[in-house]
Each structure stands twice: as structure tokens, then as C-alpha cells.
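The values are calculated or read from the model by the stated rules, or taken from the named source; none is laboratory data. Predicted model only: the values in this text are computed from it and were never measured. Cβ coordinates were reconstructed from backbone atoms using ideal geometry, including for glycine residues, and neighbour counts include every protein chain displayed.
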Amino acid sequence: MPCFHGSDAHWNDKIFEPDDKKYCWIKASPTFEGLKLALYEPKSRVYIGEEPSVIKKVKENKNKYIDKLELYSINNYDNSKGIWFDNQTIELNKELVTIVGNKGMGKSAITDIIGLCCDTSTYNNFSFLTNKKFLKDNIASNFEAKLFFEAPNDVIVKRLNEKVNSNLEERVKYLPQSYFEKLCSSIDSNKEFQEELENVVFSHLDPLIRNNKLNFQSFIEEEKKIISNEVKRYILELEEVNFKLVKLQEKETKKYLENLNSQILLKSKEIISHWGNKPIKPEFENGIDITQEENIKHQQLEIIKNNLNAYTRELNQKNEKFSILNNQLAELNLIKQSIELEFNRIIEFRNSLNNKINNFNIDINIIFPLPIIQTQPIIQQISSIE
């Protein structure tokens, strides 16, 4: 019998237990023919490691891998309508399976039967299970197929004259030759080919991502709504950032700097003017004021000066408060818009959810009461600022 053996063990207990679980896997039958194939195609048939990825994939998805197909006669069929399937067992590889044979040797028969067992959606394109061939004269009623998946007890049994149940989820994706030819001939018109591509993409989506959608088009429409709402939210955030950016950019303009410089110059002139009008310090002659009238004027001037400083401070405070109120007003408007946009998004989601749960006679108002928003305080605050 063929044998692969090699070892670089330094201890007896390592002879059949390699370091890092570097086992030798051979993809071939345990025969000399299998040995020859491994020698001819070592890269594709030999694997060194704990476990080949395909074996791990099969273990984790046993309901998606076919183990074998059994075909047999029933009803004490006496071969009166020809010798067909007589206790045939066809084991299938877990990777690519190629069926080689001349026309009429049963290639389409095997694939049609697997498609029937798995309720394929392309049953109208069968070439063997048709009224012109195996279904003719009710031959198919004398035979059954049993399809075994890798998962224990996952077996499908069907009589070959049964119809595909289009209400069930198809277990395999079957592209009969006639269907494939039809798709290829319609590439120019693009519609059927595009639909088939969309169906293939949709079938490979995670069920959680599909969100109970029945087809690719409804899935795309739902995704568009979600993305559209996200875009609206980002637009609002961008408007807020742009508002702040414009305010900052205004301070970088030549016009703003000139205005600021003119204010500084004007204040400087006012200060110089005030200094020019500074009252003359009373002179004392023999420790007595020159006149009582000049002293009164000096006091009045000091009062005016103090009042002017007070008015200036008050004006600066009001200007600062005005600027703060303007910013608050802009921010309140953005908050109000954000709340309204989010409320509309929630309403859209609630309506979409309502369409789904109506099929289960569930009241949307119980599981998702209509939300209420109160923007009146914000509106009142905006009015008070304006």
C-alpha cells in the first residue's frame, strides 16, 4: 500500500506528533493511483499544517456541502420503460466537481436531479426532467432521489416526477446549460444578465445584512434611504462647521483689518482729544485757589470723563453680548434643524418597520409609539434672542 513517511524528530514522542501540528495531508484516494497523482501535482494535493482550509470550511458549513446523491427505483419497477437508475450512489468532492462524458451519458440528469432536490429557481430550464424526456409517459414516478448533506440527518428525498417548491429557499444555485446560453445571448440587452448578477450578489449577502428584504432591488432602495439620511445629517454638521469657518475667515480679510485699524485710529484720536481738553491744574497763590469757578469746571470735567469711560465700557459689553447672542441664535437654529431631520428619519424608519410587522398583525403603536418632539422651547429661545 502507498505510504508517506518523514520525520525530523529529536524525541521519541515527537515521531508521530510533529511540532506546531504540521501534519501531512494528501488529497487523493489511498491507492497507488492516488500516490501517483500526489507526485504529479504536489502543490495542489499536498498540505502541511494542522488542517486544510477546505476541511475547516466544510465543518463550519455542513448544511452547504453535499456529501452524496443516491438514485433508486420504487414501485417494483420492472424496467419495462427502459433501464434507468438502479441503486446508483454518486459521492461528491467538497471542492470543484467535473462530470466528463459524451452527450446522452447522464451529465444533465445528475445536475437536474440535484436542482430538483434543492428547489432551484431555474427549474424551467431543465433539460432532462422535462415532458419531452424523463417525465414523458410518467417514467419519473418510478424513481426517487436522496440527497445527503454533510450535516447529520440533513437529507432530502424526492420522487423524480415532483415539482420544485418555489416557496422554499433554494439550497443550490443551478445554472443549466440552456439558461446560461440564454443569459449570454442577452448580454447586449443587459437586463436579464444584470438581474442574474444582482441575484447572485444578493444570495451571498449575510441574512442579517439583508434585513428581511426579498430581492436585491428592495435591499438597495432601503440602503439608499439610510445613506440619504446619513448624508443629510452630515450636511447639517458641515453647515455648522462652515458657519464657524466663515466667521473666522471674515477676520482674515483686508476689509476686517482695515475696519479694526480704523477703530483703533479713531479711539486714538479721541484719547488725544481728551488729553488736549485736559483741565489746567489750578494754580495756588499763597495756598489759595485762583478761582472757585475753575475748580467747579474741573470737577464737572472729571464727571464727564468718568461717564464717558462708563459709556464706553457699557458699549463694549453690549457689542460682546450682541456677538454672543448672534452665535447662540445660529446654534439654536442648527439644533432645531438637526432635531427635525432626525425626527423625520425616525418617522421614515417607523413607517418602514410598520410595513414589515403588518404581516404579523403586530400594532406598531405598541412596540414603537409615535415619538413626540417639543421644539417650542427652542423657538421661544430664538424669538427672545431675535
Contacts under 6 angstrom Cβ, first residue in the stretch 359-386 being under 21 Å from N212 (Cα atoms), partner surrounded by 10 or more Cβ atoms within 10 Å (Cβ to Cβ), 6 or more apart: I364/N354; F368/R350
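Every residue, every condition in (1) of a type in the set (D, E); (2) surrounded by 13 or more Cβ atoms within 10 Å (Cβ to Cβ); (3) touching a helix residue (DSSP H, G or I) at 6+ places or on another chain (Cβ under 9 Å), yes or no:
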| position | (1), (2), (3) |
| --- | --- |
| E314 | yes, no, no |
| I335 | no, yes, yes |
| E348 | yes, yes, yes |
| L370 | no, no, yes |
| P377 | no, no, no |
Number of the condition not met by K224 [criteria: (1) of a type in the set (K, R); (2) over 30 Å from E342 (Cβ atoms); (3) modelled with pLDDT of 75 or more]: (2)
Residue tally, condition under 35 Å from the mean Cα position of the chain (by Cα) and at pLDDT below 90, over the stretch 94-119: 4
Residues satisfying the stated conditions in the stretch 237-296, i.e. among the aromatic types (F, W, Y), at pLDDT below 80 and either closer than 30 Å to N326 by Cβ or surrounded by 10 or more Cβ atoms within 10 Å (Cβ to Cβ) (or both): Y256
Top-ranked residue of the stretch 57-92 - restricted to ones that are out of contact with any strand residue (DSSP E or B) (no Cβ under 8 Å at 6 or more places or on another chain) and at pLDDT 90 or above, ranked as surrounded by the most Cβ atoms within 10 Å (Cβ to Cβ): V58
Matching residues, the stretch 327-386, being in contact with a Pro (Cβ under 9 Å, 6 or more places away or on another chain) and either outside the structural domain of V241 (by TED's automatic domain parsing) or of a type outside the set (A, V, I, L, M, F, W, C) (or both): R350
Selected residue (only one of E170, E198 is of a type in the set (D, E, K, R) and surrounded by fewer than 16 Cβ atoms within 10 Å (Cβ to Cβ)): E198
Complete set of residues in the stretch 71-91 that are in a loop (DSSP other than H, G, I, E, B) and touching an Asp or Glu at 6+ places or on another chain (Cβ under 7 Å): I74, K81
Failed criterion for D206 (all others in (1) under 33 Å from the mean Cα position of the chain (by Cα); (2) surrounded by 12 or more Cβ atoms within 10 Å (Cβ to Cβ); (3) under 18 Å from Y65 (Cα atoms); (4) without any contact (Cβ under 8 Å) to a residue 12 or more places away in the chain hold): (2)
